[in-house]
Amino acid sequence: ELGLYTHPIIILNTSGYYDPLLQMLQQAIDNKFMQEKHSSLWYTASTPQEVMEALDKIDEWDTAIGKFTADNMTEQ
C-alpha cells in the first residue's frame, strides 16, 4: 500500500494454507483499513505452475502506486 515495494506479490496458497491471511486482508478492506483497489497488489496461486505463469504475466507496479497512500490519507 505504501509503494515501497513495486514487484508482484504472489501468494502460493497450497491446500489453503494462507486462507487465514487472505481472510485478514479481505477483512482489512471490509473494515476500510485498506481500499478495495489495494487487493490488486497481490495475486493468489494454488499451484507452483500458477506461480510461474503469473510471473510471466504480472508486471511490476506503476511507481504511482505510492499515490495510494496519499489518496487514502485525504479520503479519511
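The values are calculated or read from the model by the stated rules, or taken from the named source; none is laboratory data. As the structure is a prediction and not an experimental result, all values here were calculated from the model. FYI the Cβ positions are ideal-geometry reconstructions off the backbone, even for glycines, and counts take in every protein chain you see. Areas reflect the complete protein model, heavy atoms only, side chains present, ligands, DNA and RNA absent. Shrake-Rupley method; radii C 1.70, N 1.55, O 1.52, S 1.80 Å.
Identify the residue in the range 39-55 that is open to solvent by less than 60 Å² (accessible area, probe 1.4 Å) and part of a helix (DSSP H, G or I) and, among all such residues, is nearest to L25 (Cα to Cα).
S39
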* Failed condition for T63, given (1) modelled with pLDDT under 80; (2) within 13 Å of the chain's Cα centre (by Cα); (3) of a type outside the set (D, E, K, R) -> (2)
* Filter the range 15-38 down to residues that are touching a helix residue (DSSP H, G or I) at 6+ places or on another chain (Cβ under 8 Å) and in contact (Cβ under 8 Å) with a residue 24 or more places away in the chain and give me whichever is surrounded by the most Cβ atoms within 10 Å (Cβ to Cβ). => M34
* **Given (1) surrounded by fewer than 11 Cβ atoms within 10 Å (Cβ to Cβ); (2) at pLDDT below 70, number of the condition T69 does not satisfy** => (1)
